[in-house]
């Protein structure tokens, strides 16, 4: 088993200020509103506002108020997701994503901070899905704004602007990471090998009492345990503390040994270590394709040293 498979992932590392955005140190998975306010206008920083109807937002919401300098790209409608073989929410082609990202004024030297609304775990998932997309494309200079726009705007000292920012198109070239993509065959192989499966969906979907509109059948993959994505954020849209992440993970997968908490640093996932630990994080597939390390859990394991 060579892949850690997740759906519905979030980000779990508190951001720290860097002296310069083009410095050698990697971008942290999360930055807070204070960090963002301090770094606005610095060369290389691109604030990407992806608010959408999952958080009750739209382009009109963006025009009414946003982080200064932010460019807008609706997560649900701009092209971050595609339908493949009748299955929604899949990764578009690399060429499509390169054109989308370059058109937003982003190139390989950009540090992208992705901004969701901050209204719920589902809403914050818009930002983490875009985060994961950048990672799949080999772009590590990407962070999510912890708490989203709602928490940023709640501080009267943080500047806000209105209107529209038209990005200057750049050329973005992907460095595709195929190891971050997995299909149902990987899940079947993991299941056969006795790997622990963790289902991140709401409890009622996990128990089969309700089904997602895109799901072909209710229920979960046999043997999976449930760790709802809603347990990973607070009411104000921030992600829970690393220590809480460790508790949730070890409760869901007792064979998983979580040792230590990283304060800053890379969030590249140690897939081999996670596999040795005997855990695979999945969302019960709605079609014939699922994605590796899509939102929350992969980014959690980035925060924690998994052995």
*Can you give me the Cα centroid spacing of region 79-124 and region 193-221 in angstrom?*
25
*Taking neighbour counts of Cβ atoms within 10 Å as a proxy for exposure, in what order, fewest first, do 157, 107 appear?*
157, 107
*Among 132, 80, 164, rank each residue by its count of other Cβ atoms within 10 Å, from fewest to most, as a rough exposure measure.*
164, 80, 132
*Which whole-number percentage describes the relative contact order of region 119-224, with Cα contacts under 8 Å and a sequence gap of 6 or more?*
20
*asked:* Tell me the relative contact order for region 30-154 as a rounded percent, counting alpha carbon contacts under 8 Å between residues six or more apart.
replied: 33
*Using the number of other C-beta atoms within 10 angstrom as an exposure proxy, rank 238, 185 with the fewest first.*
185, 238
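The numbers here are math on the coordinates, done by the rules we state, and not lab data. All of these numbers come straight from a predicted model, not from anything done at the bench. Cβ sites come from the backbone with ideal geometry, for glycine too, and all protein chains shown count toward neighbours.
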